[in-house]
Amino acid sequence: NEKNSQLLIPYLAEIADIVTTTKNLSIKRELLKILILHPLPDEPSGVLLDSCFETVTSNLVPVGLRMYAMSMVAKYCDKYPELIPEFVAVLETILAEPPSVGMKGWASRLVQQLSQNKKLNGNRRKRL
């Protein structure tokens, strides 16, 4: 539970490895939930990011898992704003598909959030 989530910090790298290697989609979903609650490590896994992008774009994956993967990619975008244009393009593709209403709502909310982050980061760079 969230009260004891600090106990997992030493194991986050292992959890990320399991997310990228397991074929069990329910385990992947639950472990992504854990990772989303914690800050990204100083050297986050590019393999985890690639795995999340693949999950987001796969129509063969359950909607809940795709939504958690979207949240994880959005977390990477907070740390690495240069990922925002690519991720927004992926989300806009999802919005054009006929996925579930929840999936469209989640993707739409993330597009708005990332667009605001992109504007904020652009304004910071102009000031520097």
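Structure summary
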| read-out | value |
| --- | --- |
| Of residues in region 114-128 being at pLDDT 80 or above and open to solvent by less than 60 Å² (accessible area, probe 1.4 Å), the one farthest from the chain's Cα centre (by Cα) | 115 |
| Residue match in region 37-44 (condition: under 23 Å from residue 107 (Cα atoms) and either surrounded by fewer than 14 Cβ atoms within 10 Å (Cβ to Cβ) or out of contact with any helix residue (DSSP H, G or I) (no Cβ under 7 Å at 6 or more places or on another chain) (or both)) | yes |
| Considering residues of region 54-64 that are surrounded by fewer than 19 Cβ atoms within 10 Å (Cβ to Cβ) and either touching a Leu at 6+ places or on another chain (Cβ under 7 Å) or basic (Lys, Arg) (or both) only, the residue nearest to residue 22 (Cα to Cα) | 61 |
| Top-ranked residue of region 87-108 - restricted to ones that are open to solvent by 50 Å² or more (accessible area, probe 1.4 Å) and within 23 Å of residue 28 (Cα to Cα), ranked as nearest to the chain's Cα centre (by Cα) | 106 |
| Test: residue in region 2-19 that is out of contact with any Leu (no Cβ under 6 Å at 6 or more places or on another chain) and within 23 Å of residue 106 (Cβ to Cβ) | yes |
| Filter result for residue 22 (at pLDDT 95 or above and more than 22 Å from residue 6 (Cα to Cα)) | yes |
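The values are calculated or read from the model by the stated rules, or taken from the named source; none is laboratory data. The model shown is predicted, which means the values in this text are computed figures rather than measured ones. Quick reminder, even Gly has a Cβ in these numbers, built from the backbone with ideal geometry, and neighbours come from all protein chains shown. Protein only, heavy atoms only, side chains kept; ligands, DNA and RNA dropped before computing areas. Shrake-Rupley method; radii C 1.70, N 1.55, O 1.52, S 1.80 Å.
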